[in-house]
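Some notes on the structure that comes next.
Coordinate-derived values only; no laboratory data. Source: prediction; values computed, not measured. Because the Cβ atoms are built from the backbone with ideal geometry, glycine has one as well, and the counts that use them run over all protein chains shown.
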Amino acid sequence: MIAYLSGKLLEKQTNTVIIDVGGVGYEVSIPLSTFYELGEVGSDVQLRIYTHVREDAIQLFGFKTNRERELYLRLLSVQGIGAKSGITMLSGMSADEIIMAIRTDDLARLTSIPGVGRKTAERLVIELRDKVGELASAGSLPLDAERPTLPADAVFEDALSALVNLGYQRNAAEKAVKQAAQEGTEMSVQKLLRRSLQVLAK
């Protein structure tokens, strides 16, 4: 059971990375919150890992903080939340926002995430309201590091592709990214994505 990986970042995409650990490349699925925290290709990386074993595959899911991994494991304990939809949840909202939505019974917020219907949102609240309390007081996630600036069109494309990977329809995602850009949102993938997700949640 792999619980932690430390090595060089070999490849990096919005939802997967490959980490070279002593000459072996591990492919790890990650939420967007972790993607933002990673350095450039070639840099050192450490991830907390959840190993998901199925009959036909072994998948690794990576998180920058233990707190995110703990929240992810709690999400998985709820019927209707699978390994992939747990990652989508952590990509659609920060750990703090998910914890707040669960603790305040904010079903509208939870159902704004692709793949989370009303019944699943209700189960999340009922089953996890008392279990996420200790995570809420575990301090904030690491602060966003400085990011190299990308050309605006590349930023737009990256944000759009991340939304499509999360399960949003391309047309809706494109509208949201355009609206976020027109509002004068700072043109970094992270800020554009965050604002686009807020637009889509309305």
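Structure values in brief
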quantity	calculated
Fewest-first sequence of 16, 120 by Cβ atoms within 10 Å of each Cβ	16, 120
Burial ranking of peptide ranges 90-101, 165-176, 57-68 (average Cβ count within 10 Å, highest at the top)	90-101, 57-68, 165-176
All aspartates and glutamates inside 14 Å of residue 191 as judged from Cα atoms, apart from same-chain residues fewer than 8 positions distant	37, 144, 146, 157, 158, 183
